[in-house]
1. Give the lysines whose C-alpha is closer than 19 Å to that of residue 107, dropping any in the same chain fewer than 8 places away, or say none.
2. Under 8 Å for C-alpha pairs, at least 6 residues apart: give me the relative contact order for the chain, rounded to a whole percent.
3. Determine the sum of side-chain charges near residue 86: Lys and Arg each +1, Asp and Glu each -1, restricted to other residues whose C-beta is under 11 angstrom from that of residue 86.
4. Once phi is turned into θ = phi - 60°, what whole-Hz ³J(HN,Hα) does the Karplus curve with 6.51, -1.76 and 1.60 give for every residue of the range 39-53, x standing for Gly and Pro?
5. For the range 88-94, take each phi angle, set θ = phi - 60°, evaluate the Karplus expression 6.51 cos²θ - 1.76 cosθ + 1.60, and give the result in whole Hz per residue in order, putting x for glycine and proline.
6. Once you have a ≥ b ≥ c as the square roots of the Cα gyration tensor eigenvalues for the range 1-84, tell me rounded if a/c is under 1.5, and otherwise prolate or oblate according to whether a/b is larger than b/c.
7. So how many Å³ per residue does the convex hull of the Cα atoms of the range 29-178 work out to?
8. Under the classification rounded if a/c is under 1.5, otherwise prolate if a/b is larger than b/c and oblate if not, where does the range 1-46 fall, given a ≥ b ≥ c as square roots of the Cα gyration tensor eigenvalues?
Amino acid sequence: GERAFCRCRGLQSIKLPGSVINIGGWAFSQCESLRSIKVPDSVVSIGEGLFVCCRGLQSIELPDSVTNIGDWAFSQCESLRSIEISNGVISIGECAFSDCRSLQSIKIPGSVTGIGEGAFRGCESLKSIEVSPDNEYFMSRNNCLLSKDGTELIFGCMTSVIPDSVISIGSLAFAGRS
């Protein structure tokens, strides 16, 4: 249910059984000692705020069964260094990875069709943005997340070089950079 393990500050790791289909919103929020979690293949959605403020979270394994990463899902997971979004994910919510200050690389698969505003806002250590070449909605070039036609810059990181094809820069594209 909602906020099931909220503020369980001593919780360091968790292995959910394969019978779990849905994890309520904010279920692990503010579990500051949580280091790792393996989400079972039965889960299809990472709910809103699910791991927000899990400052010790270093790694997460998302199965291909996950189709949605909710708003604020991993926001303020300050120890998370990299994320490879699973091939089943279709949408990434608003501020889903915002303020993940240690995040250095992002890999977005071909399945993603929507990315919410500010999804990677405040990821000040981010150096690499990679989008699968078979993605029909987004592309990456010069460490920029772009619309497929390359005309809109959706998000940039500290090593981005804005391509000449860009005619519009999205809201919060460079917000929270040092």
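Taken together, the values in this text are just the output of simple stated rules run on the coordinates, not laboratory data. Everything quoted here is computed from the prediction, not taken from an experiment. Quick reminder, even Gly has a Cβ in these numbers, built from the backbone with ideal geometry, and neighbours come from all protein chains shown.
1. Residue 107 reaches 38, 127, 148.
2. Relative contact order, the chain: 13 percent.
3. Values: positive: 107; negative: 41, 61, 64, 84.
Within the 11 Å Cβ shell, the charges total -3.
4. 8, x, 4, 6, 7, 10, 9, 9, x, 4, x, 3, 10, 4, 6
5. x, 5, 9, 10, 10, x, 4
6. Numbers: a/c = 1.42, a/b = 1.26, b/c = 1.12.
The shape class here is rounded.
7. 82
8. Cα axes put the range 1-46 in the oblate bin.
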